[in-house]
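Worksheet: the structure to be examined is printed underneath.
What follows draws every value from the coordinates through simple rules; no lab data is involved. Just so you know, these numbers come straight off a predicted model, no measurement behind them. Reconstructed Cβ throughout: ideal geometry from the backbone, glycine too, with neighbour counts over all protein chains shown.
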Amino acid sequence: MASRGERIRCMSGPDMGAGGNDPSGLRVNPSGHLRIYSTDPAKAKLLIRGIGSANDDLNALSLNLSPSDYDGARWKSLPKRIETTFLGDVVLDGVLFKDLYRGGIRLKDAAMTGAWKNVVFDTSCQSQKPEDNYAVYQKGVPPVGWSEDPAVKNPVISPGEKTPPRSMEK
């Protein structure tokens with residue numbers, strides 16, 4: 001996203017790991033910190049988006065899958081949106097989110113966003129309104145947009161599977 005001559009600086013501290021069985025596309029744990037600055041946020045923004053690759057976090061998102069369970073139809077049906085969890089000290093200035101669930105920026109408290117500037121949401125996000133995308137973090141509770149995702153509402157059953165994964169049973 002940065003054009004030639006523009007700079008984006010991203011600094012991160014310790015404790016930005018996965019944090020147990022409550023996965024997130026980007027997670028800053030309570031003792032971690034993340035600073036994102038752009039010299040010109042109108043021209044250069046850090047892009048945070050889904051990459052669409054299989055990983056073990058999908059299993060922890062209550063789909064009860066492992067990478068060996070993916071077949072063509074099942075893989076295409078999986079949710080492609082992301083969420084972030086910011087429980088530490090996070091400052092953003094010049095960030096573009098793509099593929100974000102509604103409620104997908106989960107925060108330690110709602111006041112965190114007061115110092116953020118130049119944070120925008122692409123049309124690929126479930127909502128482009130900041131107030132729809134921020135939510136106070138609750139352990140084990142996915143973003144509100146998770147349950148609205150067609151891939152979660154109507155899962156594709158892979159050949160050989162007799163029933164939907166446990167968490168998807170009606």
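Evaluating 6.51 cos²θ - 1.76 cosθ + 1.60 at θ = phi - 60° for every residue in segment 115-124, the Karplus couplings come out as 9, 7, 9, 6, 9, 10, 10, 5, 5, 6 Hz, glycine and proline recorded as x.
Among 136, 90, 144, what is the fewest-to-most ranking by other Cβ atoms within 10 Å?
Fewest to most other Cβ atoms nearby, the residues stand as 136, 144, 90.
Taking other C-beta atoms within 10 Å as the exposure proxy, 85, 113, 123 rank 123, 113, 85 from fewest upward.
Proximity of backbone amide H atoms, modeled 1.01 Å from N, is registered between residue 28 and 85, 86, 87, 88 at under 5 Å, excluding neighbours fewer than 5 places apart on the same chain.
When a footprinting reagent is the concern and you count Cβ atoms within 10 Å, what order do 86, 121 take, fewest first?
Taking fewest neighbouring Cβ atoms as first place, the list is 121, 86.
Over 20 Å apart at the Cα level, from the set 43/117; 43/108; 43/80; 80/108; 45/80, are 43/108; 43/80; 80/108; 45/80.
I need the calculated FRET efficiency for the pair residue 110 and residue 47, taking r as the beta carbon distance and R₀ as 35 Å, to the nearest 0.05.
Efficiency, rounded to the nearest 0.05: 0.90.
Label separation (residue 139 vs residue 122): 3.3 nm, computed from points 7 Å beyond Cα along the C-beta direction.
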